[in-house]
């Protein structure tokens, strides 16, 4: 429901203002599209839309009425979000996907997002996942000696995550994580055999069930554990041996991976 979404965003920005948090909206995406990028972005949006349909049908069958924003095209949500932000006087910035982290460091602020692959970037102020940003349950001022209300959240950083891996992780390996999770240049389905051999289960089917977020975190944990202590070349050799050669020529895949690795630097 587009009206409900608009109201929710107004309430969200109002709560941020109460907590004296000044948001800046950064819209990521190609500023100048080429054909390959346009097709990749449209394909990803269609995938998210179809996944939302399946999730809605599942929940609608069991709960009768729950509706997910994933059913609304991203372009429509962006239009509403932009209008609400403009009304509230919130700054908006358009930047290429791979420049969002750089922009956050320039602005000296953490990133609020639900994209787990932000962990591959060396964000000076870290990032918080929207799922763990408890803006609906403000810590009231009367519990804080008259200070502004607070929002409880979890702040993640690349450095802290690296410390938890027994073998550590080479700096050059972080971009490979994002490539395996999916980007706008390589179809994520190409890596299904790779992830299945590393993690032992099929993810795309699992994402249709209500606990998909926990499985998504489990996927990232398994991939990071596998990457720990490996060199980039060792990881690339394993990936190229594990992909289905009928889906894509391995030499072409290697060129695409190398191109993406360079883009993430």
key: Estimated inter-spin distance, residue 21 and residue 252, nm [label 7 Å along Cα→Cβ]   = 4.4
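Multiply the residue gap between residue 106 and residue 152 by 0.36 nm, knock off their C-alpha separation, and tell me the result in nm, one decimal place. Could the numbers behind the result be given before it?
Values: separation 46, 0.36 × 46 = 16.56 nm, distance 2.46 nm.
Additional length available on full extension: 14.1 nm.
Would you mind getting me the FRET efficiency between residue 11 and residue 222? Use the beta-carbon distance for r and R0 = 41 Å, nearest 0.05.
Numbers: r = 37 Å, r/R0 = 0.90.
The pair residue 11/residue 222 has a calculated efficiency of 0.65.
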key: Point-to-point label distance, residue 242-residue 160, nm (Cα→Cβ direction, 7 Å offset)   = 2.8
task = Rank by packing, highest mean first: peptides 165-176, 13-24, with packing defined as the count of other Cβ atoms within 10 Å averaged across residues.
result = 165-176, 13-24
request  = Can you tell me the order of 228-237, 126-135 when each peptide is scored by its average per-residue count of other Cβ atoms within 10 angstrom, highest first?
outcome  = 126-135, 228-237
message = At 0.36 nm per residue, and after removing the present C-alpha to C-alpha distance, how many nm does the segment from residue 171 to residue 125 gain when stretched out fully?
response = 14.8 nm
ask   = For labels at residue 138 and residue 93 in the simple 7 Å Cα→Cβ model, what's the distance in nm?
value = 2.6
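Here, each number is a calculation from the coordinates, and none is a lab measurement. Values in this document were obtained by computation on a predicted structure and should not be read as measured data. Cβ coordinates were reconstructed from backbone atoms using ideal geometry, including for glycine residues, and neighbour counts include every protein chain displayed.
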